[in-house]
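Undergrad: Take this structure first; my questions come after.
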Amino acid sequence: MALLKVKFNQKKRVKLAQGLWLMNWFSVFAGILVFSMGLFLKIELRKRSEVMDNSESHFVPNSLILMGILSCAFNGFAGKICYDSLDPAKFAKWKPLLKPYLALCCVFNILIFFVALMCFLMRGSLDSTLAQGLKNGMKFYRDTDTPGRCFMKKTIDMLQIEFKCCGNNGYKDWFEIQWISNRYLDFSSKEVKDRIKSNVDGRYLVDGVPFSCCNPSSPRPCIQYQVTNNSAHYSYDYQTEELNLWRRGCREALLNYYSGMMSSMGAVTLLVWLFEMSVMVGLRLLHTSLESIAHPEDPECESEGWILENSLKDTFKSALENLKKLGKFNQVEAGGEGAEGEEGGKTPAITTVS
């Protein structure tokens, strides 16, 4: 029994073809939307590429761009088929291509569904690449005189100001690295010497943060140096008082920003996938309803359209049997080649009679 069998007359076939033609052009615009989303996400990721450890995060935008291009191509082609299906003479040239085209549509819809899922599942990968990238960026913050790294201070400062964040996981991350360049340290000062000597790696570590960590909404002037020294500031307790520094780490801020963006894009891509599936189902119904016309010379006659010629169970069984036959055929061929090789390897024995 055929799956989703529907009876069509000439009027219904024309309406289906016209509806599909319109839906295909809507799908072209949906493809442009998916392409634009991928391009926008790629640009946003490139803006912060200095604080990202690898290029794996570009998999999602690249996939969205590809799916957008393929969507425009597939649906533009399907629109032409639907338009020509109204004329039996024009439709005849497309008839042999419809089955391979529908098979490609199935593959395309599987891919677009996979890309939509990846938009929701990339958070873990993005988290690790941001954590390592920000760690490296903070390490190079002081290298304002080093070629290739001199821009990092500005990048980190602008990032912390824009996203209202501080450090990788929090402001205390700055206590663990030397973020002040040696160029601006007075090595004749006893305090500087003592700090450097007290550190195993010979780094100048302070309980301070860059100015970009300061929260301008705080009524108190920014305390960015000696953050943990209560006696250095009047009426101050860093453990209980609300600090005038951004509490949130930049990894969390960027992760929430990109995750929210990709989740929205994933939801839109899923809607596009559902629309593409409905177009593919409609095209299959149109294809089978035109193929099953009993009297092609009479365009007014009724016909039947379906999604699958047999039920899902029978179709699955048939596919398994075909795979088994293909496997047996390959085994027979391999066995035949092996036997030929053995026969060719044998040398006939020659008996000499004296």
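The values are calculated or read from the model by the stated rules, or taken from the named source; none is laboratory data. Computed from a predicted model, the values in this text were never measured in an experiment. Methodologically, a virtual Cβ is constructed for each residue, glycine included, from the backbone with ideal geometry; neighbour enumeration extends over all protein chains shown. Heavy atoms of the whole protein, side chains included, go into the accessibility calculation; ligands, DNA and RNA do not. Shrake-Rupley method; radii C 1.70, N 1.55, O 1.52, S 1.80 Å.
Undergrad: Taking only pairs six or more apart or across chains, which ones have beta-carbon atoms under 7 Å, a first residue in segment 131-144 that is free of Cβ contacts under 8 Å to residues at least 24 places away in the same chain, and a second residue that is open to solvent by less than 40 Å² (accessible area, probe 1.4 Å) and part of a helix (DSSP H, G or I)?
TA: Close Cβ pairs satisfying both conditions: Phe140/Met152.
Undergrad: Which count do you get for residues in segment 155-170 that are within 15 Å of Lys135 (Cα to Cα), open to solvent by 70 Å² or more (accessible area, probe 1.4 Å) and part of a helix (DSSP H, G or I)?
TA: 0
Undergrad: For Met152, indicate whether it is surrounded by 15 or more Cβ atoms within 10 Å (Cβ to Cβ), of a type in the set (A, V, I, L, M) and within 21 Å of Asn256 (Cβ to Cβ).
TA: So Met152 fails the test.
Undergrad: Could you tell me which residue of segment 1-21 is modelled with the highest pLDDT, considering only residues that are open to solvent by 30 Å² or more (accessible area, probe 1.4 Å) and over 22 Å from Lys80 (Cα atoms)?
TA: Lys7
Undergrad: Here's another thing I want to ask about it. Yes or no: Pro61 free of Cβ contacts under 8 Å to residues at least 12 places away in the same chain and either in a helix (DSSP H, G or I) or in contact with a Phe, Trp or Tyr (Cβ under 8 Å, 6 or more places away or on another chain) (or both)?
TA: no
Undergrad: Between a residue in segment 10-22 that is under 13 Å from Ser278 (Cα atoms) and any residue that is open to solvent by 50 Å² or more (accessible area, probe 1.4 Å), which pairs come within a Cβ distance under 6 Å, given they are 6 or more apart or on different chains?
TA: So the pair list comes out as Trp21/Tyr83.
Undergrad: Only residues that are among the β-branched types (Val, Ile, Thr), open to solvent by 20 Å² or more (accessible area, probe 1.4 Å) and over 30 Å from the mean Cα position of the chain (by Cα): list them for segment 246-296, please. Explain how you work it out, then say what you get.
TA: At the first step, the residues of segment 246-296 found to be among the β-branched types (Val, Ile, Thr) are 268-269, 272, 279, 281, 288, 293.
Imposing the further condition that a residue be open to solvent by 20 Å² or more (accessible area, probe 1.4 Å) reduces the set to 268, 281, 293.
Selection gives Ile293 alone.
Undergrad: Show the residue pairs that are 6+ apart or on different chains and have beta-carbon atoms under 6 Å apart, the first residue being within segment 67-89 and under 14 Å from Val279 (Cβ atoms), the second being part of a loop (DSSP other than H, G, I, E, B).
TA: What qualifies is Ile81/Trp94.
Undergrad: Evaluate the following for Asp207: is it of a type in the set (Asp, Glu) and touching a residue at least 12 places away in the same chain (Cβ under 8 Å)?
TA: Answer is yes for this residue.
Undergrad: Shifting gears a bit: State yes or no: is Leu33 touching a helix residue (DSSP H, G or I) at 6+ places or on another chain (Cβ under 8 Å) and more than 13 Å from Val272 (Cα to Cα)?
TA: On the way: touching a helix residue (DSSP H, G or I) at 6+ places or on another chain (Cβ under 8 Å): yes; more than 13 Å from Val272 (Cα to Cα): no.
No, not satisfied.
Undergrad: So which residues in segment 68-80 are closer than 15 Å to Ile110 by Cα and open to solvent by 10 Å² or more (accessible area, probe 1.4 Å), if there are any at all? Spell out how you get there, then give the answer.
TA: First, the residues of segment 68-80 that are closer than 15 Å to Ile110 by Cα: 68, 70-71, 74.
Of everything in segment 68-80, those that are closer than 15 Å to Ile110 by Cα and open to solvent by 10 Å² or more (accessible area, probe 1.4 Å) turn out to be Leu70, Phe74.
Undergrad: While we're on this one: Please determine, by comparing only the residues of segment 178-198 that are open to solvent by less than 30 Å² (accessible area, probe 1.4 Å) and part of a loop (DSSP other than H, G, I, E, B), which one is nearest to Ser217 (Cα to Cα).
TA: Here the residue is Trp179.
Per-residue answers, yes or no, for (1) in contact with a helix residue (DSSP H, G or I) (Cβ under 9 Å, 6 or more places away or on another chain); (2) at pLDDT below 85:
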position: Ser235; (1), (2): no, yes
position: Arg248; (1), (2): yes, no
position: Arg251; (1), (2): yes, no
position: Tyr257; (1), (2): yes, no
position: Arg284; (1), (2): yes, yes
position: His287; (1), (2): yes, yes
position: Ala294; (1), (2): no, yes
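Undergrad: Oh, and also: How many residues are in contact with a Leu (Cβ under 6 Å, 6 or more places away or on another chain) and closer than 16 Å to Met152 by Cα if we restrict to segment 119-134?
TA: Matching residues across segment 119-134 total 1.
Undergrad: How many residues, within segment 46-66, are buried (at least 19 other Cβ atoms within 10 Å of the Cβ), under 29 Å from Cys150 (Cα atoms), under 14 Å from the mean Cα position of the chain (by Cα) and hydrophobic (A, V, I, L, M, F, W, C)?
TA: Matching residues across segment 46-66 total 0.
Undergrad: If I ask for residues that are among the aliphatic types (A, V, I, L, M) and loosely packed, with under 15 Cβ neighbours inside 10 Å, which ones from segment 112-141 would you list?
TA: To start, the set of residues in segment 112-141 that are among the aliphatic types (A, V, I, L, M) comprises 112, 115-118, 121-122, 126, 130-131, 134, 138.
Passing the criteria: Leu117, Leu121.
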